[in-house]
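Structure record follows, encoded as structure tokens.
The values are calculated or read from the model by the stated rules, or taken from the named source; none is laboratory data. Here the structure is a predicted model, which means the values were calculated and not measured. FYI the Cβ positions are ideal-geometry reconstructions off the backbone, even for glycines, and counts take in every protein chain you see. SASA here: full protein model, heavy atoms, side chains in, ligands and nucleic acids out. Shrake-Rupley method; radii C 1.70, N 1.55, O 1.52, S 1.80 Å.
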Amino acid sequence: FTMPFKEVYYTPLTPQSFLDRSAYVFREKTAIVYGQQRVTYPEFAARVNRLANALRDWGLGQGERVAFLCPNIPPLLEAHFGVPLAGGVLVAINTRLSSAEILYILNHSEARLLFVDTELAALIAPIRESLETVQMIVNIVDEEAGAPGAPLPGPDYESFLAGGSTDPLPFWLEDENETISINYTSGTTGQPKGVMYTHRGAALNALAETVELGMDSNSVYLWTLPMFHCNGWCFTWAVAAVGATHVCLRKYDPGKAIALIMEEGVTHFCGAPTVTHFHPDHVSGVPLLLMDMWLMGRQKPLNIYGLHYTLDRLEDLMGFYNWSEWPEFFPVVFYRLPARETTHVLTCPEFYIHASPVHHMIPNIGLRIEFTGSKKVMAYSCDTEPCDEVVRMSAGADVLIHEATGQEPGHSSAAQAGEIATKSEVGKLFLIHYPTGRFKKGDIVAEASKAYHGEIALARDFMELEF
């Protein structure tokens, strides 16, 4: 007698099961927020079923690729479930790539369908005749945002969905190690390279994130991280796994992000340090920010990390506002970091962060961020004079972001930043906190290059680096 194990006790791991469960358990729960749109989990699942049925009716075969060139809006969330449900493999394309790079990805992945947001259609128009495998283009028209751009030849997204049934599709997956998505690098060292994610890997990574970050059905996740980037670090699936709420943000804007955090009660978001960093040693604006969150009805706890020096003064400042007397004020938890080298700050599945004290006019810390998947390292000096602590903290880093305010107490010049980069043997140097406008002091890249002969660039506000 042979036990039919796959029928008795084996269920393949796949993120698709997350949406199935949440649609059944959280029948009134909001799954997606986008502008004025509010989509419940059953509605989310119904649209995913429509997409999957429409893809199958069109003729999508098992394992065939479906590409999306789209910002952080609901159709790309739907694609993360609908394409795999139809038996396809999702290829979410970096919206910042050139037409030539996108052409290479579409041809290399052998995508049969391309869904493209009309604002990005101009990237496809000049290469449309060179597409080797794409047989149909579907236009995503974002009426919520009033996105510009003329559609390409082909149906619009809502019409394509309307041709599909809301009926659930039979569960087809037998091997959890089949590919669920292909993510392409940005091509910094040659042509973009495709990385295959499996159903099992995506499911386990998503579940690990919910555990590590303490996410549950009360969580609200803001989409500041591009969904095309490693499938949004798999948060596209993790949020659904716990029945939390997605808050879509078409384009990152600090004012909109802060407004959504307060209005929607956002508990989690991801992003590069430039998403949140302006002046980490200035605490004067924090009480007003907390007050705004309180006035907007925030109830979720807020964690704040920093040195004793900084957090003690922040608490004193908050005491001036008598925050302990504010009715129903949400919990704020201060995590005081010791002023010692390589202090552990935070760990998550994608990276972990350590802090080291640096030499500023007041106690300050630099950060070392190590990415577990790529094994790459980024170091950030913060405001500091040249010191051995920064050299040790950034040793061997792929990227060093170092301040270049000028050679004055508590700060470093571009030349000194170059010297630190050379001593640390880093791969690339970004200069930050440099004088601009009438305070500009010559060519600081040239100044830094006298001491460091690797690649040097000026950091920009909201610049994104891929690791």
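What the table shows:
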| read-out | value |
| --- | --- |
| Relative contact order [Cα under 8 Å, 6+ residues apart], the chain, whole percent | 10 percent |
| Segment Trp323-Ala145, length gained on full extension (0.36 nm per residue, minus Cα span) | 60.3 nm |
| Overall form of the stretch 299-349 per C-alpha gyration tensor (a/c, 1.5; a/b vs b/c) | oblate |
| Whole-Å distance, taken between Cα centres, linking the stretch 386-441 and the stretch 48-124 | 41 Å |
| Computed label-point distance, nm, for sites Asn177 and Met196 using a 7 Å Cα→Cβ extension | 1.1 nm |
| Net charge of neighbours whose Cβ lies under 13 Å from the Cβ of Arg298, counting Lys and Arg as +1 and Asp and Glu as -1 | -3 |
| Modelled label reach - Thr342, point 7 Å along Cα→Cβ, the stretch 393-409 residues with backbone N closer than 18 Å | 393-398 |
| Rounded to 5, the percent of DSSP beta bridges in the chain classed as antiparallel | 40 percent |
| The chain - mean residue ellipticity at 222 nm from DSSP helices (-39,500 (n - 2.57) per run, n ≥ 4, rounded to 500) | -9000 deg cm²/dmol |
| Whether the chain is rounded, prolate or oblate, judged on the alpha carbon gyration tensor where a/c under 1.5 counts as rounded | prolate |
| Sequence ranges 374-381, 440-447, 170-177, 204-211, ranked by mean other-Cβ count within 10 angstrom, highest first | 374-381, 204-211, 440-447, 170-177 |
| Apportionment of accessible area to carbon and sulfur, the stretch 99-184, percent (1.4 Å) | 49 percent |
| Tensor-based shape of the stretch 61-137 (alpha-carbon gyration tensor, a/c under 1.5 rounded, otherwise prolate or oblate) | oblate |
| Lysines whose Cα lies under 22 Å from that of Lys300, excluding same-chain neighbours fewer than 8 positions away | Lys29, Lys256 |
| Three semi-axes of the equivalent ellipsoid, the stretch 68-194, Cα gyration tensor, whole Å, largest first | 23, 20, 13 |
| Dipole axis of the stretch 387-454 (+1 Lys, Arg; -1 Asp, Glu on Cβ), positive-most option in Ile401, Thr436, Ser412 | Thr436 |
| Protection proxy ranking, peptides 108-119, 84-95, 326-337, average beta carbon neighbours within 10 Å, highest first | 84-95, 108-119, 326-337 |
| Near-label residues of the stretch 316-356 by backbone N, under 16 Å of a point 7 Å along Cα→Cβ of Leu295 | 321-323, 326-327, 329-330 |
